[in-house]
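Read-outs: derived from the displayed coordinates by stated rules, not from any lab. Only a predicted model underlies this, so the values are computations on that prediction, with no experimental measurement involved. Every residue, glycine among them, receives a Cβ derived from its backbone with ideal geometry; neighbour counts consider all protein chains shown.
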Amino acid sequence: RFEHAVSQHAGSSYGIATNSAHSAMHITLESLGIRAGDELITAAFSSPATAATLHRMGAIPVFADCDALSLTMSATDVASKITERTKAIIATHTFGNPSGIDAIARIAQEQEIPLIEDAGQAIGSKLHQRQVGSFGRVAIFAFHSTAQLTSVEGGLITTDDDSLAEQCRLRRNHG
């Protein structure tokens, strides 16, 4: 019921619960085929968990500068960091603020690069009446004790991608 409630709230078809948002990010990256040496663009100002996950996987974080007002990733800087080695973009909704995600989503779509929304701090946030978690191919929500909605710990992956959801479910349960 929890998976269904969060996925419906985010406007997604699937919800896959995990023991933490950190595990949700790792499972998502593996399910997207991220491997050692792959480059992923991520926010320079964010929880260290994302960069730590990339480091443990052997992937290379490429840090995009943040907008001085919103503290979210600058779409202009994201666009300037894309190379042929870029395998995904991880956009963090810093302090629950989704500002700029629509521009980043357009860039990701134009470049055919998967967009992962790090919505750990943003459950309930909207941009232009559009729910956070609906801009990318996949979103990660957090339920840690420091999140807006807590279950003491936990994470949840939301997506509309049938294959990705199945891969995430398999990896959640040790493959």
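Computed quantities for the displayed model
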item: Among 112-119, 1-8, the order from most to least packed when residues are scored by Cβ within 10 Å on average; result: 112-119, 1-8
item: Extension reserve of the E166-S99 stretch, reckoned as 0.36 nm per residue once the Cα distance is removed; result: 21.1 nm
item: Cβ-placed point charges (K, R +1; D, E -1), dipole of the stretch 1-108 about Cα centre in debye, nearest 20; result: 220 debye
item: Residue-averaged 222 nm ellipticity for the chain, from DSSP H runs of 4+ at -39500 (n - 2.57), nearest 500; result: -10000 deg cm²/dmol
item: Residue among A51, I104, A68 farthest towards the positive dipole end of the stretch 39-119, charges placed on Cβ; result: A51
item: Listed residues T28, T53, T72, most fluctuating in the chain (Gaussian network, C-alpha, under 10 Å); result: T53
item: Residues with amide H under 5 Å from that of T72, placed H, sequence gap 5 or more; result: D67
item: Prolate/oblate/rounded label for the chain (Cα gyration tensor, a/c 1.5); result: rounded
item: Long-range amide H partners of V62 with built H, under 5 Å; result: L40, I41, T42
item: Antiparallel DSSP beta bridges within the chain, as percent of all bridges there, nearest 5; result: 45 percent
item: Relative contact order %, the chain, counting alpha carbon pairs below 8 Å whose residues are six or more apart; result: 28 percent
item: Amide H contacts of S125 (H built 1.01 Å from N, under 5 Å, at least 5 apart or other chain); result: V132
item: Inter-label distance, nm, simple model (7 Å from Cα along the C-beta direction), H128/D77; result: 2.3 nm
item: Average Cα contact separation per residue, the stretch 53-118, under 8 Å, 6 or more apart, as relative contact order %; result: 30 percent
item: The stretch 93-140: relative contact order as a whole-number percent, Cα under 8 Å and 6+ apart; result: 44 percent
item: In Hz, Karplus ³J(HN,Hα) per residue of the stretch 61-68 (6.51, -1.76, 1.60; θ = phi - 60°; x = Gly, Pro); result: x, 10, 8, 9, 5, 9, 5, 5
